[in-house]
1. Across segment 85-99, what is the number of residues that are out of contact with any Leu (no Cβ under 8 Å at 6 or more places or on another chain) and part of a helix (DSSP H, G or I)?
2. Across segment 117-156, what is the number of residues that are under 23 Å from T2 (Cβ atoms), of a type outside the set (A, V, I, L, M) and under 21 Å from the mean Cα position of the chain (by Cα)?
3. Taking segment 327-348 as the region of interest, how many residues are of a type in the set (S, T, N, Q) and either assigned by TED's automatic domain parsing to the domain that holds M238 or buried (at least 23 other Cβ atoms within 10 Å of the Cβ) (or both)?
4. All but one of (1) of a type outside the set (S, T, N, Q); (2) buried (at least 16 other Cβ atoms within 10 Å of the Cβ); (3) touching a helix residue (DSSP H, G or I) at 6+ places or on another chain (Cβ under 8 Å) hold for P382; which doesn't?
5. Return the residues of segment 100-118 that are under 30 Å from S430 (Cα atoms) and either without any contact (Cβ under 8 Å) to a residue 40 or more places away in the chain or not in a loop (DSSP other than H, G, I, E, B) (or both); say none if nothing qualifies.
6. So if I check each of Y340, Y319, Y323, which one is aromatic (F, W, Y) and either free of Cβ contacts under 8 Å to residues at least 40 places away in the same chain or in contact with a strand residue (DSSP E or B) (Cβ under 7 Å, 6 or more places away or on another chain) (or both)?
7. Kindly indicate which of G47, G70, G60, G15 is buried (at least 24 other Cβ atoms within 10 Å of the Cβ), more than 27 Å from Q237 (Cβ to Cβ) and either of a type in the set (G, A, S) or in the same structural domain as S328 (by TED's automatic domain parsing) (or both).
8. I'd like the full set of residues that are outside any loop (DSSP other than H, G, I, E, B) and surrounded by 14 or more Cβ atoms within 10 Å (Cβ to Cβ), limited to segment 138-154.
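The values are calculated or read from the model by the stated rules, or taken from the named source; none is laboratory data. Quick caveat, the model's predicted, so the values are computed rather than measured. Because the Cβ atoms are built from the backbone with ideal geometry, glycine has one as well, and the counts that use them run over all protein chains shown.
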Amino acid sequence: MTRPNVLYLHSHDTGRYVQPYGHAVPTPAYQRLAEEGVLFRQNFCAGPTCSPSRAALLTGQYPHSCGQLGLAHRGFELQHPERHLAWTLRNNGYSTTLLGVQHVVKSDPGKTGYERVPQLASRTAKHVLPAALDFLREHAAGDRSQPFFLDVGFTETHRVFHDADPTQSASEDARYCLPPPVLPDTAETRKDMADFKASARVLDAAIGQILGALDQHGLADDTLVILTTDHGIAFPQMKCNLTDHGTGVLLIVRGPASQTALRSGQVADAMVTHLDVFPTVCDVAGIAHPDWLQGKSLLPLASGEVPELHEAVFAEVNYHVPYEPQRSVRTARWKYIRRYDHFGKPLLANCDDGLSKDVWLRHGWSDLDTAPEQLYDLVFDPQERANLVWDDRHGAVLNEMRTRLERWMRDTADPLLDGPIPLPEGAAVSPAELVSPRGG
């Protein structure tokens, strides 16, 4: 079997806020890939914080299972770096290269299986894109018999955003922007969204050039392309939250020519998760699934063999800036979130600073209460605002969701079952009372 190349493209803090998911964020390259591959409309990350989400995708395990309980730059590390996707591909004949953001280990990313990790001037598109184009050109001109795994990570759309420029795109005129639905429509939130769109424009342009290079060098038919992000956008009650605003993330997959099911231009509505990416890569590449994987291959869903992969999907938060232990279970109809801290108020430092956060802080966000349990009806309350935990009419549903969550925690040996998760040696955590993530 001739194994395909694997191109893994990922951004920072983009959620599903791109054109093919229906948002007024012009991203023609994303749209092109969606029309050529498969767009998974209901994809979810396993943890809406940077390092845990990425580690879950790249190991095929939940954050607490792979040991990535917090941010890599704060000292949190994978327990088993040898379980990283790069090692599985490398051990099966792939060259492995990392360009830009990885955010899974603090120390040498080579220990996760990358043979080449060029040092770039930054992890923004300005410097990541030329390196990616050089790689593809060199591969095309050299010995193409060895397949590659190319991991290309962009800082965009992480804060601080690029500045909006209405002369580049009319959608970046803040006067005509609509902020995310969890936020009030004000001049500040509109400006914040306009700047996000500027970052998305820069990101999309880079993705477009990389897709163009695959075409130019005759690599498109031999390459599996995976395009995703880590978690929701960096606005209040989105990133670092277990509502769909935090866990709902884009996933677009275009297969090599041999995988017609992944080149169909279809939109899949069934729930999937980042954990499903690793086994999908294995199936496309003809590699046996490692025994630690906790997800399922997307191929049976894309080919129509099965109508769904999961009755429920799960997610978690442990450490971000302050410690904020939470778990969630989501079905097609219901979302249940349980908190395991006793702070009782929003942990403000777990929200990135910005104009939208300033609006909420001025209006008393720090004084709001945070419910220890939350139950939402995703059909009648898709914004997850009306907590039904205390509504007796939904007592049976609440008990079912509690049971689902507790069974999953037991089945995956969740350390939270034994009480607060100890801070790993060498890792850092900030006080719950902190307002800004930059304060500690």
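1. 4
2. Going through segment 117-156 one residue at a time, the tally reaches 2.
3. Total meeting the criteria: 1.
4. Status for P382: all satisfied but (2).
5. Selection gives G100, V105, K106, S107, D108, P109, G110, K111, T112.
6. The match here is Y340.
7. None of the others qualify; the one that does is G60.
8. Scanning segment 138-154 gives H139, A140, F148, F149, L150, D151, V152, G153.
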